[in-house]
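Q: Below is the structure I would like to discuss, written out as structure tokens.
Just so it is clear, none of the values below were taken in a lab; they were calculated from the coordinates. Predicted, not measured: the structure shown is a model, and the values here were computed from it. All Cβ positions, even for glycine, are placed from backbone atoms using ideal geometry, and neighbour counts span all protein chains on display.
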Amino acid sequence: MPLAIKSIEPGSLADDAGIKAGESIVELNGIDIRDFLDLEFYASDYKLDFVLKDNAGTERKLTIYRESARPLGITPFEYRHRNCNNHCIFCFIDQMPPGMRRTLYAKDDDYIFSFVFGNYITLTNLLEADLSRICEQHISPLYVSLHSTDNILRQKLIRSAKPQDAMQILRRLAGCGISFHTQIVCVPGYNDKEELKRSIGDLMDPALNVESIGVVPVGLTKYRKGLCELKTFDSATAAETLDIIATLREQYDSDIIFAADEFYSLAGRDVPLGDYYLDYPQIENGIGMLRCTQINFNKRKRSFLKELRKSDSNYTFVCSQSAERWIRHIVESLAKRLPDRRLELQVIRNDFFGEHVTVAGLITAEDITGQLKPAPDTTIVLPACIFNHEGYTLDGKTIGDLCTVMKRDILVVDPLWEDWQRHG
């Protein structure tokens with residue numbers, strides 16, 4: 001299907017050539033253009049021969065010659081991602097209550113989003129044309145939710161409408177030079193212990209081009225009515241999983257196997273030092289975030305202290321249960337440098353989703369306003385990860401809403417301590 005153009009940047013090459021918003025790109029240099037990635041891939045040539053079509057269906061041709069200092073200037077309409085056709089026994093979206101933001105219920109399983117945004121895909125909806133395109137355009141690396149290298153067990157976990165041999169697909173794509181970051185959502189009684197060892201062992205095959213293996217614990221909310229019964233990890237099983245991963249790293253002399261921060265929190269263990277995480281390939285998956293936060297805080301501590309001294313306020317820092325040990329250390333470190341201020345830490349219990357959900361990114365405004373009772377002279381310090389890119393919490397509240405309800409100023413801090421912004 002031709003790629004519809006949403007807008008043209010004024011003064012760009014496309015603008016000078018007379019390309020209009022509302023037209024569609026049928027072909028570029030003789031190639032059918034399906035989406036924004038095709039446009040980016042094929043528009044890198046010096047000479048660009050376009051076939052365009054207007055709303056009336058009339059086609060025209062024009063040629064643009066690229067100039068290094070000027071953008072092409074074509075913005076397509078928003079890409080519609082490919083949906084997931086699986087019914088994973090641990091799917092978090094199936095465990096959410098109704099009435100939340102519509103976008104929270106979208107299940108994407110799109111290899112383009114995997115390449116561009118690092119979203120994890122299951123490989124179950126890839127067509128032959130998709131596999132050929134991935135190889136041809138070298139769409140790499142891809143982020144893959146594998147969960148198990150055994151097809152029968154994997155199908156038991158993801159319950160795909162169209163089961164695929166995931167390892168066969170990985171081998172085929174790896175043969176074309178595609179590499180992968182893989183994820184194993186570990187479910188006690190299913191793919192833990194010996195099954196985890198076997199899956200990781202299979203992924204150690206150098207021919208698979210696996211760049212990282214992330215092991216994360218299953219997340220269970222209180223909204224599991226009608227879903228299969230699952231167990232979560234406790235302190236003992238988390239510690240056992242960490243020991244398995246440590247043994248496998250040593251056995252295979254490999255530094256690409258990682259455990260999620262949540263395992264360390266559950267087991268009451270310190271997270272590894274920074275070198276352990278290489279270049280933090282799965283930090284968005286909650287792997288290495290706590291260590292990176294500590295490192296960045298140490299680098300930016302002086303600047304952050306200047307921010308805190310901009311007002312005479314006291315401060316209440318908000319954190320999740322899983323991050324308590326590490327954020328408490330940060331707050332205590334700051335308090336030593338600000339003896340004339342009161343710095344406190346408030347750990348937010350996740351009443352909204354339930355006791356087994358302990359990470360900051362799933363804290364709701366409802367739980368913050370329900371549990372946090374700061375003194376009148378207090379500024380609240382919140383982790384930015386409780387807001388999405390549009391500035392909304394999971395239950396649809398903005399920073400302004402929280403300022404109004406709490407009647408306090410709010411300092412929003414990037415979870416990796418790279419930036420902060422004061423509101424109120």
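Q: Sort out which residues of region 197-241 are among the hydroxyl-bearing types (Ser, Thr, Tyr), over 22 Å from Ile169 (Cβ atoms) and crowded, with 17+ Cβ neighbours inside 10 Å, and write them in order of number.
A: Thr221, Thr232, Thr237, Thr241
Q: I'm trying to understand the selection: among the residues of region 388-406, which are without any contact (Cβ under 8 Å) to a residue 24 or more places away in the chain and over 21 Å from the mean Cα position of the chain (by Cα)?
A: Gly400, Cys403, Thr404
Q: Every residue in region 35-62 that is over 26 Å from Ile112 (Cα atoms), part of a strand (DSSP E or B) and either touching a residue at least 60 places away in the same chain (Cβ under 8 Å) or out of contact with any helix residue (DSSP H, G or I) (no Cβ under 8 Å at 6 or more places or on another chain) (or both), please. Give the derivation first.
A: Narrowing region 35-62 to residues over 26 Å from Ile112 (Cα atoms): 54-62.
Applying the additional criterion that residues be part of a strand (DSSP E or B) yields 59-62.
Listed by number, the residues that qualify are Glu59, Arg60, Lys61.
Q: While we're here: Please go through region 65-87 and pick out each residue that is under 19 Å from Leu52 (Cα atoms), buried (at least 17 other Cβ atoms within 10 Å of the Cβ) and not aliphatic (A, V, I, L, M).
A: Scanning region 65-87 gives Gly73, Pro76.
Q: Going residue by residue through region 235-251, is there one that turns out to be in a loop (DSSP other than H, G, I, E, B) and either within 25 Å of the chain's Cα centre (by Cα) or in contact (Cβ under 8 Å) with a residue 24 or more places away in the chain (or both)? Working first, answer last.
A: First, pick out the residues of region 235-251 that are in a loop (DSSP other than H, G, I, E, B): none.
Scanning region 235-251, I find no residue that is in a loop (DSSP other than H, G, I, E, B) and either within 25 Å of the chain's Cα centre (by Cα) or in contact (Cβ under 8 Å) with a residue 24 or more places away in the chain (or both), so the answer is no.
Q: How about region 85-114: which of its residues are among the charged types (D, E, K, R) and not in a loop (DSSP other than H, G, I, E, B)?
A: Hits for region 85-114 are Asp94, Arg102, Asp108.
Q: Residues that are over 26 Å from Ile244 (Cβ atoms): which strands (runs of 3 or more DSSP E) entirely in region 254-362 hold 1 or more of them?
A: Correct list: 314-320, 343-348.
Q: Then there's this: Run down Leu345, Leu362 and say which single residue is among the hydrophobic types (A, V, I, L, M, F, W, C) and over 19 Å from Phe90 (Cα atoms).
A: None of the others qualify; the one that does is Leu345.
Q: Give the residues of region 124-169 that are without any contact (Cβ under 8 Å) to a residue 24 or more places away in the chain, part of a helix (DSSP H, G or I) and under 28 Å from Phe41 (Cβ atoms), sorted by residue number.
A: Just the residues of region 124-169 that are without any contact (Cβ under 8 Å) to a residue 24 or more places away in the chain, to begin with: 127-130, 132-133, 136, 151-152, 154-155, 165, 168.
Pick out the ones that are also part of a helix (DSSP H, G or I) and you get 128-130, 132-133, 136, 151-152, 154-155, 168.
Matches in region 124-169: Glu128, Ala129, Asp130, Ser132, Arg133, Glu136, Gln168.
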